[in-house]
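Accompanying notes for the structure given below.
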Amino acid sequence: MSQSAPFYRQAYPKLSAFYLVYFMLFGALIPYISLYYQSLSFSAIEIGQLMAVFIGTKIVAPNLLGWLADRMYGPIVWLRVCGLLTALFSLGWLVTQSYWGLLLTVFGFSFFFHAALPLFEAYTFSVLHGQKALYGRVRLWGSIGFILAVLWGGWQLDWLSEASLPWLLVSLAWGIWLATFWVRADHAVSQSHHVTEGFVRVLKRPWVWSLLLVSGLIQFSHGTYYSFYSIFLTDFGYSKTLVAWLWAIGVIAEIAVFFWMRPLFARHSVRALLLLSLVLTAIRWAMIPLVPDSLGLLVVAQTLHAASYGLFHAAAIYLIDHYFIGPNQSRGQALYASFSHGLGGALGMLVAGYSWEWSGAMLSFMISLVAVLLALVIALRWVREPVLTRPG
């Protein structure tokens with residue numbers, strides 16, 4: 001039995017609780033914040049800019065906090081700092097409705113919100129040391145939290161209007177801060193390695209930088225989906241409650257991947273699973289703008305979220321944890337978050353705002369499709385199966 005097993009049993013409910021609350025806030029924000037901005041009469045370009053700032057802070061924030069966590073106090077102290085500042089900045093949604101006021105609110109809120117997750121991911125993997133395939137069982141609680149929030153948010157906006165959304169966001173932000181006090185640094189298992197390579201040396205390897213590039217492109221491709229999918233559906237007459245269920249279906253499919261992550265990774269190579277996720281993501285983006293009048297086909301497209309987010313993220317984060325070990329662990333997780341969800345996601349949302357304003361859904365989703373096809377070419381050429389990636 002792994003030396004981390006006792007720590008895992010003690011920490012499991014606490015790890016799961018943080019993921020639950022963290023992604024409840026994400027689930028309340030991502031599907032509905034664009035509808036809230038639209039209710040304030042912001043243009044598609046302004047919505048795209050606000051969404052780009054929300055994601056773009058991931059470029060710097062995770063790296064800065066990961067660097068601090070590797071050098072002083074450890075991830076838990078900085079996690080609590082990030083939780084508190086996330087909650088404080090969230091209050092801006094209650095006090096301003098101006099574009100510039102919301103821009104400042106989103107910048108401060110998202111900086112610390114996004115910095116928190118890589119710190120927690122590094123902490124989680126230190127708890128799971130030797131049992132990395134159990135990550136999916138912990139992380140699925142984040143998906144459950146997303147579903148709970150997206151369903152509640154859809155009902156709330158249908159019955160109370162978009163103006164009630166900031167109150168939900170603020171409540172969940174303070175919940176995240178409280179959840180940081182339930183995890184403790186002494187749950188982590190000390191990880192020792194006979195040889196620790198320099199961070200830059202690891203980064204120069206083709207299979208490492210190519211994985212980061214592919215991750216950036218896959219998140220770029222999600223820019224249209226995260227920024228305008230709810231607007232796309234409501235424009236075709238779908239109620240916000242039905243929109244919520246379509247979002248939820250995608251995350252339910254994602255949960256299935258996290259739940260069966262261990263047997264999937266035991267039977268198949270990580271590279272093969274990553275390539276499969278890219279192919280299915282391309283199919284998803286090609287489908288959505290072509291079938292808006294068919295609820296059944298929209299449901300099928302949403303089940304492919306299991307691949308575009310769940311399977312890809314599980315494979316990518318598994319490889320990142322393998323490549324960046326020891327003192328490089330927090331910075332490796334931070335780099336993955338900043339390059340993929342940060343730079344890739346921000347550019348995707350910014351481009352989506354302009355393409356949606358100019359030509360609507362078809363152009364925006366086709367740009368997403370091209371990004372995924374480029375990612376597939378890069379992955380086929382450079383991403384390789386590392387040694388000892390499969391769980392024992």
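Return yes or no: is F54 open to solvent by 10 Å² or more (accessible area, probe 1.4 Å), touching a residue at least 12 places away in the same chain (Cβ under 8 Å), of a type in the set (A, V, I, L, M, F, W, C) and closer than 30 Å to W356 by Cα?
No: the conditions fail for F54.
I'd like the full set of residues that are of a type in the set (S, T, N, Q) and in a helix (DSSP H, G or I), limited to segment 278-301.
Once the filter is applied, which keeps residues that are of a type in the set (S, T, N, Q) and in a helix (DSSP H, G or I), segment 278-301 yields only T281.
Tell me which residues, restricted to segment 38-77, are of a type in the set (F, W, Y) and modelled with pLDDT under 90.
W67, Y73
Which residue is surrounded by the most Cβ atoms within 10 Å (Cβ to Cβ), if the candidates are limited to segment 58-80 and must be β-branched (V, I, T) and either under 18 Å from the mean Cα position of the chain (by Cα) or more than 21 Å from V127 (Cα to Cα) (or both)?
I59
Looking at segment 336-353, can you tell me whether even one residue there is more than 17 Å from the chain's Cα centre (by Cα), closer than 23 Å to L290 by Cβ and open to solvent by less than 10 Å² (accessible area, probe 1.4 Å)?
Yes, segment 336-353 has at least one match.
Condition (residue is more than 22 Å from S126 (Cα to Cα), part of a helix (DSSP H, G or I), in contact (Cβ under 8 Å) with a residue 24 or more places away in the chain and open to solvent by 10 Å² or more (accessible area, probe 1.4 Å)) applied to segment 326-335: is it met by at least one residue?
No, because not a single residue in segment 326-335 is more than 22 Å from S126 (Cα to Cα), part of a helix (DSSP H, G or I), in contact (Cβ under 8 Å) with a residue 24 or more places away in the chain and open to solvent by 10 Å² or more (accessible area, probe 1.4 Å).
Name the single residue that is farthest from S90 (Cα to Cα) among those in segment 135-181 being in a helix (DSSP H, G or I) and of a type in the set (S, T, Y).
Looking at residues that are in a helix (DSSP H, G or I) and of a type in the set (S, T, Y), I get Y135.
Can you name every residue in segment 233-246 that is open to solvent by 10 Å² or more (accessible area, probe 1.4 Å) and part of a helix (DSSP H, G or I)?
Matches in segment 233-246: T234, D235, K240, T241, L242, W245.
The values are calculated or read from the model by the stated rules, or taken from the named source; none is laboratory data. The model shown is predicted, which means the values in this text are computed figures rather than measured ones. Because the Cβ atoms are built from the backbone with ideal geometry, glycine has one as well, and the counts that use them run over all protein chains shown. Surface areas here come from the heavy atoms of the whole protein model, side chains and all, with no ligands, DNA or RNA. Shrake-Rupley method; radii C 1.70, N 1.55, O 1.52, S 1.80 Å.
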